[in-house]
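A.B. asks: I have a structure here, written as structure tokens, and I will follow up with some questions on it.
Just so it is clear, none of the values below were taken in a lab; they were calculated from the coordinates. Predicted model only: the values in this text are computed from it and were never measured. Neighbour counts are summed over all protein chains in view; Cβ atoms, including those assigned to glycine, are modelled from backbone coordinates with ideal geometry.
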Amino acid sequence: MEFSKGMVRGFCAAFASVSLAIASVVPAVSAEVAPNKGKDSTFRLTIMHTNDTHAHLDNIARRISAITKVRAQKPYSLLLDAGDVFSGTLYFNEFHGLADLEFMNLAGYDAMTLGNHDFDQGTGPLANFIKGAEFPFVDANVDLSKDTNLSDRFHDEITEHPKNGSVYNGMIKVVKGEKIGIFGLTTAETLVISNPGKDVVFQNYIQKAKRAVADLKGKGANKIIALSHLGFDDGGGDNDLTLAKEVEGIDVIVGGHSHTKLDAPVVEQTGSEPTIIVQANEYGKYLGTVDVTFDKNGKVIGHDGKLIDIDQKFNNRFVIPDDPKAAQILETKYKPAVLEKQRTIIGTTTVDLIGGRPDARVRETNLGNLMTDAILAKAKTINPDTLIAIQSGGGIRTSIPAGNINLAHVFELMPFGTSLAIIKLTGAEIKQVLEFSVKDAPKPFGGFLQVSGMKFTYDSRKPAGQRVQSIEVKEDGRHYVPIDRAKIYHVATNTYLVKGGDGFTILAKAYKEGRVSEPGHADWKTFIEYIGDQKNKTVSPTVEGRITDLAN
């Protein structure tokens, strides 16, 4: 946010008041939204929403403070989560979701759906999470009836009387006398990108959504929310845009999975009534809020949605203060173990691992090779057809000296928490990607790509776009062969690049065309696992001619 001098003076005067500070980032009621006037007129519902928090708890006290403030301003509200609480930080590695759960109970969530990563450790830890929840779960297309750990918590029904710590297809929540229908959906990709086990069944999300809408309406709910862990425009075969177009009767889709930052709600107009789609990015950085106005028949006639920036600062101080109780729990019960864990040694390197500026942005480095090898190895466990991995040099933030590697080194190296993505590209498109990578060479560029499973040459003396001279792919895992421009290759990278990060529009185009799978798996965790798989957890990567500038 940019401030004029006058705005800064005014804001400073108000900053002493905590209430006013929070109010500055909590969205006000839209002028188009009338107050609640009773059953025969309009009804306004505020939905607070989170998704893909992935055990990022360092800002949880501010998150809860923001939730409390919204509730105080807008009492006719719901707090919903669209899945993927599990995996992502040391808080999860240490507490397996139960730290997150304590704060979710404290915040007073009304419902949650299951994300793919909530199955990462099988259904045992997930069952512990669900059993301790002081709120219900909804999932219409996941059948848990045969799973040993969850069958006693699963109810294949729409209920008007949901119990905490139980999973239903959907539920009805009464807000100011109005029946609000809520059902959940989880991406079927979970079968191949997580570890749900053979007894968890994923069913057709369109069919199950239609059934859930009909059942909710049959129980008198004419205001219906889909809690979706499908992805906004994800290319894995199911997504929110398709859901909104194909299923009539959904008023609001609260989304997750694709980590999409929707600064304002997206309106899908297919059908007789509009569907509002919202999603709040990732990692608890934002609390999503949307005010939805319904007419007496349950049709959406107005909406106003914004994201509250939980980490916004002014004068180097967080605008939103900590909730005192949440802060005390975090600092005394959970944070000490995480800080201790950061000193954990995860392996050893016999050589200096070279990254950072400018090295990783101008030439092949041994650390770039190590990181891309790790990415490729992980991707192959999910899709064995993956042959290539790429990583931008700007995401290799530092070097690591020879000796022990601890977790603090790893988080300094890759602080952004990006996750794995696998993209389908033709050989011709891969050449375009590499041309963009070396366009500024020999000057440093954050989008300069480190690679695995591939090697290429370029000539930095030639004009940009005409520099790449040869590309070879290690198709059998051992021998390099010339790339086939017409062939489709599976390329492992991260969610930042496939969405156009560093200016890679060719990757963003493929993403929009549905050619990307997002199995998740945080970059730092993939790196740690790869080192752990090496003999004696020791690495000695070298520069081996994967990237050659013929001008040198």
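A.B. asks: Specify whether the C-alpha gyration tensor of the stretch 41-336 places it in the rounded, prolate or oblate class, a ≥ b ≥ c being the square roots of the eigenvalues: rounded for a/c under 1.5, otherwise prolate if a/b is larger than b/c and oblate if not.
C.D. replies: Cα axes put the stretch 41-336 in the oblate bin.
A.B. asks: So how much slack lies between Ile345 and Thr159, counting 0.36 nm per residue of separation and subtracting their Cα-Cα distance, in nm?
C.D. replies: Contour length minus the Cα-Cα distance gives 62.1 nm.
A.B. asks: Under a straight-distance cross-link criterion of Cα-Cα below 19 Å, which aspartates and glutamates are reachable from Lys296, leaving out those fewer than 8 residues away in the same chain?
C.D. replies: Within reach: Glu32, Asp40, Glu178, Glu248, Asp251, Glu273, Asp304.
A.B. asks: Right, something else. So if I place +1 on the C-beta of Lys and Arg and -1 on the C-beta of Asp and Glu, and nothing else carries charge, what would the dipole magnitude of the stretch 41-336 be about its Cα centre? I want it in debye, nearest 20.
C.D. replies: Rounded to the nearest 20 debye, it is 960 debye.
A.B. asks: Moving on to the next point. Name the long-range amide H neighbours of Gly500: under 5 Å, sequence gap of 5 or more, or other chain; modelled H, no Pro or chain starts.
C.D. replies: Under 5 Å from the amide H of Gly500 lie the amide H atoms of Ala508, each far enough along the sequence or on another chain.
A.B. asks: Rounded to the nearest 500, what is the 222 nm mean residue ellipticity of the chain from helices alone, with -39500 (n - 2.57) per DSSP H run of 4+ residues and division by all residues?
C.D. replies: Helices in the chain give a 222 nm mean residue ellipticity of -8000 deg cm²/dmol.
A.B. asks: Specify whether the C-alpha gyration tensor of the chain places it in the rounded, prolate or oblate class, a ≥ b ≥ c being the square roots of the eigenvalues: rounded for a/c under 1.5, otherwise prolate if a/b is larger than b/c and oblate if not.
C.D. replies: It comes out prolate by the Cα gyration axes.
A.B. asks: Given the pairs Lys69/Lys335; Lys223/Lys306; Lys219/Lys261; Lys131/Lys535; Lys163/Lys208; Lys173/Lys509, which are separated by over 31 angstrom at their Cα positions?
C.D. replies: Check vs 31 Å cut-off fails for Lys219/Lys261; Lys131/Lys535; Lys173/Lys509.
A.B. asks: Ranked highest first by average number of other Cβ atoms within 10 Å, how do 289-295, 308-314 line up?
C.D. replies: 289-295, 308-314
A.B. asks: Continuing with this model, one more query. At a 10 angstrom cut-off on C-beta neighbours, averaged per residue, how do the peptides 208-216, 331-339 rank from highest to lowest?
C.D. replies: So the order, starting with the most tightly packed, is 208-216, 331-339.
A.B. asks: Okay, moving on. To make sure I understand the rule: partners must be aspartates and glutamates, Cα under 14 Å from the Cα of Lys341, and not fewer than 8 residues away in the same chain. Which ones qualify?
C.D. replies: Glu94
A.B. asks: Then there's this: Taking 7 Å along the Cα-to-C-beta vector as the label spot, tell me the Asp58-Ala551 distance in nanometres, rounded to one decimal.
C.D. replies: 3.8
A.B. asks: Something else: From the phi of every residue in the stretch 398-409, what ³J(HN,Hα) in whole Hz does the Karplus formula 6.51 cos²θ - 1.76 cosθ + 1.60 yield, where θ is phi - 60° and glycine or proline is x?
C.D. replies: With the stated coefficients, the stretch 398-409 comes to 7, 9, 10, x, 4, x, 5, 10, 10, 5, 4, 4 Hz.
A.B. asks: Name the aspartates and glutamates eligible as straight-distance cross-link partners of Lys378: C-alpha to C-alpha under 18 Å, and not fewer than 8 places from it in the same chain.
C.D. replies: Counting by Cα, and skipping residues close in sequence, Lys378 has these aspartates and glutamates nearby: Asp120, Glu189, Glu475, Asp476, Glu518, Asp523, Glu529, Asp533.
A.B. asks: Please compute, for the alpha-carbon atoms of the stretch 345-549, the extent along each of the three principal axes and give them in descending order in Å.
C.D. replies: Taking max minus min along each principal axis of the Cα atoms, the stretch 345-549 gives 44, 36, 32 Å.
A.B. asks: Can you tell me the order of 175-187, 419-431 when each peptide is scored by its average per-residue count of other Cβ atoms within 10 angstrom, highest first?
C.D. replies: Going from most to least packed, we get 175-187, 419-431.
A.B. asks: I've got another one for you. Amide H of Ile310: which non-local residues (sequence gap of 5 or more, or other chain) have their own amide H closer than 5 Å, using H built in the peptide plane?
C.D. replies: Under 5 Å from the amide H of Ile310 lie the amide H atoms of Tyr286, Leu287, each far enough along the sequence or on another chain.
A.B. asks: Take the alpha carbon gyration tensor of the stretch 441-510, find the square roots of its eigenvalues, order them as a ≥ b ≥ c, and report rounded if a/c is under 1.5; if not, report prolate when a/b exceeds b/c, else oblate.
C.D. replies: oblate
A.B. asks: Provide the percentage of antiparallel DSSP beta bridges, counting only those with both residues in the chain; round to the nearest 5.
C.D. replies: Around 60 percent of the beta bridges assigned by DSSP in the chain are antiparallel ones.
A.B. asks: Sticking with this structure for a sec: In this model, which of Lys74/Lys325; Lys313/Lys424; Lys424/Lys525 are farther than 29 Å apart at the alpha-carbon?
C.D. replies: Pairs exceeding the cut-off: Lys313/Lys424.
A.B. asks: Let me ask something additional. Taking θ as phi - 60°, what are the ³J(HN,Hα) couplings along the stretch 111-127 by the Karplus curve (6.51, -1.76, 1.60), each to the nearest whole Hz, with x for Gly and Pro?
C.D. replies: Those phi angles translate into 6, 8, 10, 8, x, 4, 6, 5, 9, 4, 9, x, 8, x, x, 5, 4 Hz.
A.B. asks: Below 8 Å, C-alpha to C-alpha, sequence gap of six or more: please give me the relative contact order for the stretch 41-336 in percent.
C.D. replies: 22
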